[in-house]
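What follows is a short report on a single structure.
The values are calculated or read from the model by the stated rules, or taken from the named source; none is laboratory data. Bear in mind the structure is a predicted one, so any value in this text is a computation, not a measurement. For neighbour counting, all protein chains shown are included, and Cβ atoms are generated from backbone atoms with ideal geometry for every residue, glycine included. Quick note on the areas: whole protein, heavy atoms, side chains included, nothing else; ligands and nucleic acids left out. Shrake-Rupley method; radii C 1.70, N 1.55, O 1.52, S 1.80 Å.
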Amino acid sequence: MTRNGADSELPTLEQARWQVEHYGLTADPQAVLVAVRLISAGARVGRAAEAHFSRFGLSTGRYRLLADLESHGGEKSPSRLAADLDVSRATVTGLLDGLEREGLIARRPSAEDGRGTVAILTARGAQRLRDLAPEHFGRLEAMVGGLSVEERTVFLDLLARVVRGSAALAAD
């Protein structure tokens, strides 16, 4: 990667071919290259997202949790948040602890299950989301601004297929 963030086209298809041959494998070098570059791009986008959300005193995880609460009426159980955000319950607990300290969420006993709690988006949390929305959505649009509407449609389809295939990395 270059210092300005431009794609340096590394690794190359030749490097992927060399590795496949070096290990005596029959894997498709182009498929390996696509996967490696996708992993690298995901890490780069993740770092950029963390820098972006830090401007607003948030992390990607904290933003996702607040946005999920807002889009579901401002109230949800921690276990439902964990499932919907595809993170562990421990991760949600840590996120909620920090957000509660800042007054962005509150917790109260669950009306359905007296033993459980629900997280509630506070007015301060909703205001944080409103404050960041114009810049956030503008930057998201700029991030994919080099793609046409048609390209974005194809990209969404391809991305969904790759995400479904990502289970191959974690399979036992």
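Output the qualifying pairs, or none if there are none: Cβ atoms under 8 angstrom, residues six or more apart or on different chains, first residue in region 149-162 and more than 15 Å from V34 (Cβ to Cβ), second residue modelled with pLDDT under 95 and in a helix (DSSP H, G or I).
none
Do you know which residues across region 51-80 are more than 21 Å from A133 (Cα to Cα) and either under 13 Å from the mean Cα position of the chain (by Cα) or part of a helix (DSSP H, G or I) (or both)?
Initially, region 51-80 is screened for residues more than 21 Å from A133 (Cα to Cα), giving 76-80.
Passing the criteria: P78, S79, R80.
Determine which member of the set T91, T12 is of a type in the set (V, I, T) and under 30 Å from A111 (Cα atoms). If you could, list the steps in order and put the result at the bottom.
On the way: T12 fails: under 30 Å from A111 (Cα atoms).
Answer to the selection: T91.
Against the definition (open to solvent by less than 50 Å² (accessible area, probe 1.4 Å) and of a type in the set (D, E)), how does D68 come out, yes or no?
Numbers: open to solvent by less than 50 Å² (accessible area, probe 1.4 Å): yes; of a type in the set (D, E): yes.
Yes.
With the checklist (1) part of a loop (DSSP other than H, G, I, E, B); (2) surrounded by 13 or more Cβ atoms within 10 Å (Cβ to Cβ); (3) not aliphatic (A, V, I, L, M) in hand, flag the one item R37 doesn't pass.
Tallying (1) part of a loop (DSSP other than H, G, I, E, B); (2) surrounded by 13 or more Cβ atoms within 10 Å (Cβ to Cβ); (3) not aliphatic (A, V, I, L, M), R37 fails exactly one: (1).
List pairs: first residue in region 89-115 and without any contact (Cβ under 8 Å) to a residue 24 or more places away in the chain and closer than 15 Å to G61 by Cα, second residue of a type in the set (A, V, I, L, M) and in a loop (DSSP other than H, G, I, E, B) anywhere in the structure, Cβ distance under 9 angstrom, at least six positions apart or on different chains.
none
Would you confirm, using the coordinates I've provided, whether A83 is under 17 Å from the mean Cα position of the chain (by Cα) and either without any contact (Cβ under 8 Å) to a residue 12 or more places away in the chain or open to solvent by 80 Å² or more (accessible area, probe 1.4 Å) (or both)? Before you say what the answer is, go through the steps one by one.
Working: under 17 Å from the mean Cα position of the chain (by Cα): yes; either without any contact (Cβ under 8 Å) to a residue 12 or more places away in the chain or open to solvent by 80 Å² or more (accessible area, probe 1.4 Å) (or both): yes.
For A83, the condition - under 17 Å from the mean Cα position of the chain (by Cα) and either without any contact (Cβ under 8 Å) to a residue 12 or more places away in the chain or open to solvent by 80 Å² or more (accessible area, probe 1.4 Å) (or both) - is met.
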